[in-house]
Amino acid sequence: MYCIKCGSPIDDNAKFCPNCGSPTSAVPSVPPAATYYPSQPQQASQPRQTAQNQTNGCAIAGFVLSFFMPLIGLILSIIGVGKAKECGNGKGLAIAGIVLSSIDIAVFILVVLLVVLPLLVLI
Ligand SMILES: [Zn+2]
């Protein structure tokens, strides 16, 4: 092979050019760059962000589901309250989800009692 810097022929096993003394290849500098690549600030910030997203996500999921699927929304909201105690985040939304879910379940039971039961009696 030939020297990168001066172009003079070098032995393939030689680590330095005998003519100019420069390293025969830039390969040794690559592994340190590769190991240095994972940046520490991102790794440090990610767990905090995911923890907040999990708490808010669960509370929001319970809040939204309380409109459509009260039973699942109630369960998710209770989980959201439990996580909110740990992280101190999204507690109000989770409680709102529990209240809304409870109201929806109560309304559902009332509808069943007022609509379905009279129909059964009539039949
Ligand atoms: Zn050279």
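Readers should treat all values here as calculations from the given coordinates under stated rules, not as data from a laboratory. Please read these numbers as outputs of a predicted model, since none were measured by experiment. Please note: Cβ atoms are built from the backbone with ideal geometry, for glycine as well, and neighbour counts cover all protein chains shown.
One decimal place: the segment SER22-LYS85 gains 16.5 nm when fully extended, by the rule 0.36 nm per residue minus the C-alpha distance.
Extension gain for ALA106-ASP12 works out to 25.6 nm (0.36 nm per residue, less the C-alpha to C-alpha distance).
Taking 0.36 nm per intervening residue step and subtracting the Cα-Cα distance, what contour gain separates VAL116 from TYR2 on full extension? Write down the numbers at each step before the final one.
Values: separation 114, 0.36 × 114 = 41.04 nm, distance 9.04 nm.
Working it through step by step, the gained length comes to 32.0 nm.
Counting other Cβ atoms within 10 Å as a rough exposure proxy, the listed residues MET69, MET1 run MET1, MET69 from fewest neighbours to most.
What is the fewest-to-most order of SER101, SER77 by other Cβ atoms lying within 10 Å of their Cβ?
With the fewest neighbours first, SER101, SER77 line up as SER101, SER77.
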